[in-house]
Amino acid sequence: MAKSKKKTNTNKSGSSFFWIVVIIAVGLLTLIFFLGNKSSEPTKDKAFDFDYSSQPFEGDEKAPVKIVEFGDYKCPICKDFNESVYPVIQKELVDTGKAQFYFMNFPFINTDSTRSAEFAETVYKELGNDVFWEFHHLLYSKQPQDQKYEKMDYFTEDFLKKALAEVASDNDVKKVVDAFHNKDYVEALKKDQSYVEKLGIDSTPTLFINGKKFTGSNFGEFIQQVKDAAK
C-alpha cells in the first residue's frame, strides 16, 4: 500500500510539472505574439507610416499635414461627418494649403458596404481623383435616412451605376463597371483593410493626423492637433 501511494504521488508530481511547463510556454508565446503585433501599431509618440501613394486625396501635395479618414459608405455617422464636419475641414485646412485629406475604406456594416467601397476604388483608379470625390460625396448624400436600410442590401450594383452616371459619361461608366466585374482593383481595398487590422480600428469615422490617431472629443482639439502636426 505504501509503495502504491508513493507511486501515485510521483505521477501527480510529474503531471503537475508537465502542466507548469505548458503554462509557461503558452505564456511566453502569448507575450511574443503580443509584442510582435504591438510593434506594428502607432503609439502616442510614434506615428503610423501610411503609404499615401495611390490613395484618393484633396488638397495641396506640399501641405505639411496629412489627414486620413477611415469610413464606410453605409455608416450614418460618416454621412453626418461628410456633410457637416468635412466642409469645415475643407474650408479651413484643405483649401488654405494647411492639410491634405485622404479617404480610406473600412467597410464593415453590410455586404454592400464592401461593394460600394470596391466600386469607389474602381472609380478612382479608372476615372481619377476629381471624379472619385464627386462620386464619394454623392454616395453619402444618397445614403438613406431610414435606419432599417443599414442591414439591407441598398447599394446594389445597379444603384452604384446610376449614381456614377450622374457625374460621369456613359463610356466612363462602362469602363468602371467592366473593371469592377474583372476585380481589377480589389487589392486597393485590401490595402485599406490591412491598415484597419494593423491599427485595430473598430469604428467609423476614425481619423489620423500625420499617422497619429485623433482621440479628442471636439473640433477645437482636432484643429489644435493639426497645428501641432504642422510644426
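Worth pointing out:
- Where labels lie 7 Å past Cα in the beta-carbon direction, separation of K183 and Q224 in nm: 4.8 nm
- Taking amide H atoms as placed 1.01 Å from N in the peptide plane, the amide H of K66 lies under 5 Å from those of Q100, N210, each 5 or more residues away in sequence or on another chain.
- Sorted by Cβ density within 10 Å, fewest first, the residues T204, T114, T96: T96, T114, T204
- Relative to the current alpha-carbon distance between E157 and S217, full extension at 0.36 nm per residue lengthens the span by 18.0 nm.
- Per-residue Cβ neighbour counts within 10 Å put E157, E61 in the sequence E61, E157, beginning with the fewest.
- Inter-site label distance for S141 and K125 at 7 Å from Cα along Cβ, in nm: 2.7 nm
- Rg/Rh ratio calculated on Cα atoms of region 57-230 (Kirkwood radius): 0.96
- Neighbour-count ranking [beta-carbon atoms within 10 angstrom, fewest first] of S169, S116: S169, S116
- Environment charge at S116 (Cβ cut-off 12 Å; Lys +1, Arg +1, Asp -1, Glu -1): -2
- Assuming charge only on the beta carbon of Lys and Arg (+1) and of Asp and Glu (-1), the dipole of region 104-231 about its Cα centre is about 440 debye to the nearest 20.
- Per-residue 3J(HN,Hα) values for region 107-114, derived from phi via the Karplus relation 6.51 cos²θ - 1.76 cosθ + 1.60 with θ = phi - 60°, read x, 9, 6, 7, 4, 7, 5, 5 Hz in sequence order (x marks Gly and Pro).
- Taken as Cα centroids, region 76-92 and region 163-212 sit 19 Å apart, rounded to the nearest whole angstrom.
Since every read-out is calculated from the coordinates, none of them should be taken as a lab result. Since this is a predicted model, take the numbers as computed values, not measurements. Heads up, the Cβs are rebuilt from the backbone with ideal geometry, glycines too, and the neighbour counts pull from every protein chain shown.
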